[in-house]
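Please read the structure below before turning to the comments.
What follows is calculated from the coordinates using simple rules that are stated; it is not laboratory data. Note that the structure is predicted; figures quoted are calculated from it, not measured. Ideal geometry is used to build each Cβ from the backbone, glycine not excepted, and the neighbour counts take in all protein chains shown.
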Amino acid sequence: MSRRLTHTLGSLGQEILLVVVILALFAFVGVYNPRFLSENNLTSIFVGNAYIAVAAIGMSLVIISGNIDVSIGALIGVLAVISGLLVTNGYPIWVAWLAPLVVGAAINAVVGCLIAYARVPSIIATLAMLSILSGGLITFTGGQWISGLPAGYQLAQFRLFNVPSPVWFMIGMTILAGFLMRYTTFGRSVYAVGSNPEAARATGISYKATVVKVFAIHGAIGGVAAVLFATQLQVIQSTVPVGLELVIITASVVGGVSILGGVGTVFGSTLAAILFAAIGSSLIFLNVSAYWLRAVQGILILATVLADMARRRRTG
Amino acid sequence: MKKLITALLGASLLSAPAFAQSAWTGGDDQPTNPLACTGESPAPEPGEYNGGTPTGAPDRNGKDLKVVDIPKLVGVGYFASTASGMQEAAKELGNITVNTDGPTRANIDEQITFVDNYITSGVDGILFAANDPVAIAPVLKKALDAGINVVGYDADAEADARQWFVNQALPNGVAKSMMDQLASEIGEEGSFAIVTSTFTTPNQARWISEMQAYTEKCHPNLKFLETVEAQEDNILSFNQAQTLINKYGDELKGILGMTSVATPAAAEAVQQNGLCGKVSVVGLALPNAMKPYINSDCIQSTILWNTVDLGYAAVEVMRQVADGTLKPGDKTVKAGRLGELPIVNQSQVLLGQPKVFTKADINDFDF
């Protein structure tokens with residue numbers, strides 16, 4: 001119990017650190033070029049990357065459970081195309097919005113079963129899924145974009161109280177998942193399974209059921225991310241964004257989710273996704289090559305993992 | 001970690017002037033060859049013919065030709081429009097029949113099978129747009145060995161595996177179309193930024209260098225702001241265009257899209273910001289992707305080659321290769337209503353300047 005408490009405090013530290021870094025970055029770039037802090041630019045930073053933050057929530061659950069998913073980028077690409085094809089083939093808009101959630105949950109439940117019941121390591125199972133999804137996508141669509149999307153389909157362009165809907169999704173789903181992880185039996189079992197599967201089994205937590213549930217939820221959240229992704233513009237690109245899964249995994253890890261499982265919160269991953277979005281935008285404002293973004297992301301991963309290991313040595 | 005980031009950003013800031021040199025970012029450092037600002041440019045030397053030769057081809061001069069067109073794939077608007085240009089040329093010529101047939105997906109193995117089957121069934125000529133320049137070469141050589149005339153268009157094979165290739169656009173031609181269109185939309189003194197794939201993508205880097213050379217020569221007062229990278233990613237392109245708009249405010253008059261992904265995404269950013277008519281987007285894109293913006297008068301144009309003309313030219317070239325009137329060493333080739341087309345790069349026929357699609361004609365094209 002005390003170990004979990006330390007861990008909770010530890011990862012809370014990561015979140016506070018992220019908030020400080022984000023504020024420092026905004027202040028620094030804002031001084032250099034005040035336009036960076038314009039309402040327009042702040043909206044761009046949050047809206048354009050909200051789907052990454054949303055997907056990182058599910059990824060955090062997966063990593064906390066002691067697994068990894070490298071197929072999420074391909075899954076988002078496939079689900080976005082499914083949504084677009086449904087709506088351009090005359091299905092109601094709400095079907096096109098909901099189908100990605102259901103299909104995403106179903107696909108990832110299968111992956112979860114492979115991992116939990118067939119004992120395929122998650123990196124292998126999801127690597128295979130990455131190939132299947134991205135290969136299937138390009139074969140099926142031939143690289144053709146989906147255009148002619150009907151009016152009213154662009155969910156990501158809606159606003160509520162003048163705040164764009166992706167921001168609401170990002171905040172709402174982070175809070176929901178945070179609640180789920182902290183206050184429910186399911187949330188506690190995810191932490192237990194991730195930090196010590198044997199002990200979890202001994203206390204009556206079903207490892208298999210928990211992993212399958214985690215992956216299914218992750219798939220459904222990926223479906224939400226896919227809808228935000230698909231409805232941002234008036235065309236849907238039918239290829240998988242290169243390196244999307246790495247950005248999502250990076251957001252989780254830098255957000256304080258331990259790659260060894262059992263530790264972390266979804267608040268951290270959302271903050272990290274915001275940080276990356278802000279860095280990406282600030283590089284343009286500072287006239288710095290975008291190649292730095294990758295370098296900065298890499299440094300942040302290393303720094304976070306090193307800090308995590310040091311923390312584990314102290315507490316463990 | 002905070003220190004780390006501050007240090008990193010500080011270091012980046014110090015190095016920032018290194019990017020602010022006179023060369024446009026995102027270009028390569030190969031020599032440029034800007035076209036004339038107005039009127040005809042002198043045709044470059046084509047160089048020594050490096051295409052292949054059919055062995056034991058019968059005398060086909062003036063005879064009826066049976067030709068098959070094997071594009072990358074069938075059933076898509078792009079190759080449907082090249083095929084319609086081919087039928088137009090075939091009808092005009094009267095002594096050539098063209099049948100378009102190919103795989104239903106862009107798959108090189110299937111395409112090879114199609115070529116192979118048509119060699120066996122016996123045709124006079126094969127037109128192709130290769131899914132892979134190297135992989136398709138052996139089967140095309142087999143066609144040449146069987147005495148079949150082979151001409152490529154849109155996507156080339158290795159030069160010695162075909163006789164001629166109809167090239168849709170050269171970098172300096174793309175550059176001229178882009179910059180002339182930009183200057184006509186934002187004025188000779190406007191400021192603009194570029195959204196490209198990556199600084200090292202060969203085609204885009206070539207075009208940007210040619211654009212800089214042409215701009216220095218013909219639109220010297222246009223003001224280049226910066227180039228941003230957006231991979232070939234729709235959402236990232238949108239975000240980058242959005243950030244440019246946020247960063248430069250009223251100063252930004254135009255965005256150049258270097259990829260068929262970046263251009264519609266930049267148009268979307270302009271539209272979502274309510275800047276239609278205030279910020280121009282000029283770039284390479286498929287007409288279908290740009291129709292929503294052009295039909296709503298938010299964006300004026302999109303630039304690409306005329307695919308109908310590309311198919312038309314391919315059949316004209318095929319006829320003259322078979323007739324023997326287009327020979328190695330020629331500097332131009334007559335192509336029906338397109339007039340004289342120049343020979344470039346040893347064994348290529350250049351279609352000409354890319355086409356600027358506007359509201360007036362964009363809806364006539366479906367790809």
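A few points about this structure:
- Here the Karplus curve 6.51 cos²θ - 1.76 cosθ + 1.60, taken at θ = phi - 60°, turns the phi angles of segment B:307-313 into couplings of 5, 5, 4, 4, x, 4, 5 Hz, with x standing for Gly and Pro.
- With Cα atoms as the point set, the protein assembly as shown shows a radius of gyration and Dmax of 27.9, 93 Å.
- Signed unit charges on C-beta, dipole axis of the protein assembly as shown, positive-most listed residue A:L244, A:G136, A:A118: A:A118
- A:A199-B:E189 pseudo-label distance in nm [points 7 Å out on the Cα-to-Cβ vector]: 7.3
- Amide H partners (placed H, <5 Å) of B:I96, local residues excluded: B:L65
- Between the residues A:T265, A:L98, A:A303, the greatest Cα displacement towards the positive end of the dipole of segment A:2-311, with unit charges on the Cβ of Lys, Arg, Asp and Glu, is found for A:T265.
- Cα-derived Rg to Rh of chain B, Kirkwood definition: 1.03
- Candidate aspartates and glutamates - alpha carbon under 16 Å from B:K217, same-chain residues fewer than 8 apart omitted: B:E40, B:D180, B:E188, B:E189
- Karplus-based coupling profile of segment B:231-248, in residue order and whole Hz: 6, 10, 10, 3, 5, 5, 4, 4, 4, 5, 4, 4, 5, 4, 4, 5, 6, 9, with θ = phi - 60° in 6.51 cos²θ - 1.76 cosθ + 1.60 and x standing for Gly or Pro.
- Size of electric dipole in segment A:2-311: Cβ of Lys, Arg +1 and of Asp, Glu -1, about Cα centre, debye, nearest 20: 500
- Relative contact order (%) - criterion: Cα under 8 Å, at least six apart; region: chain B: 22
- Cα-based reach from B:K66 at 12 Å (exclusive), listing aspartates and glutamates while leaving out same-chain residues under 8 positions away: B:D124
- Distance between the modelled labels on B:D132 and A:V20, one decimal in nanometres: 5.4 nm (7 Å Cα→Cβ projection).
- Proximal aspartates and glutamates relative to A:K213, as straight alpha-carbon distance under 19 Å, when same-chain residues fewer than 8 apart are discounted: A:D69, A:E198
- Only helices enter this figure: runs of n ≥ 4 DSSP H residues, each worth -39500 (n - 2.57), summed and divided by the residues of chain B, yield -12000 deg cm²/dmol at 222 nm to the nearest 500.
- Extent of segment A:204-316 along its three principal axes (Cα atoms, max minus min coordinate, largest first): 51, 34, 20 Å.
- Computed from phi, the 3J(HN,Hα) profile of segment B:280-287 under the Karplus parametrisation 6.51, -1.76, 1.60 (θ = phi - 60°) reads 8, 10, 10, x, 8, 6, 6, x Hz, with x in place of Gly and Pro.
- Net charge in the neighbourhood of B:S209 (other residues with Cβ under 9 Å of its Cβ; Lys, Arg +1, Asp, Glu -1) is -2.
- The modelled label-to-label distance between B:N50 and A:R159, using points 7 Å beyond Cα along the C-beta direction, is 5.6 nm.
- Rg and Dmax over the alpha-carbon atoms of segment A:2-311 stand at 19.1, 57 Å.
- Across chain A, the relative contact order, built from alpha-carbon pairs under 8 Å that are at least six residues apart, equals 35 percent.
- Förster radius 56 Å - calculated FRET efficiency between A:Y32 and A:I124, Cβ distance, rounded to 0.05: 0.75
- In terms of distances greater than 26 angstrom between alpha carbons, the cross-link table entries B:K176/B:K291; B:K223/B:K291; B:K91/B:K334; B:K63/B:K355; B:K72/B:K176 yield B:K223/B:K291; B:K63/B:K355; B:K72/B:K176.
- Amide H contacts under 5 Å for B:V281: B:I255, B:Q300, restricted to partners 5 or more places along the chain or on a different chain, H placed in the peptide plane at 1.01 Å from N.
- For B:V344, residues with placed amide H under 5 Å, excluding near neighbours: B:V349, B:L350
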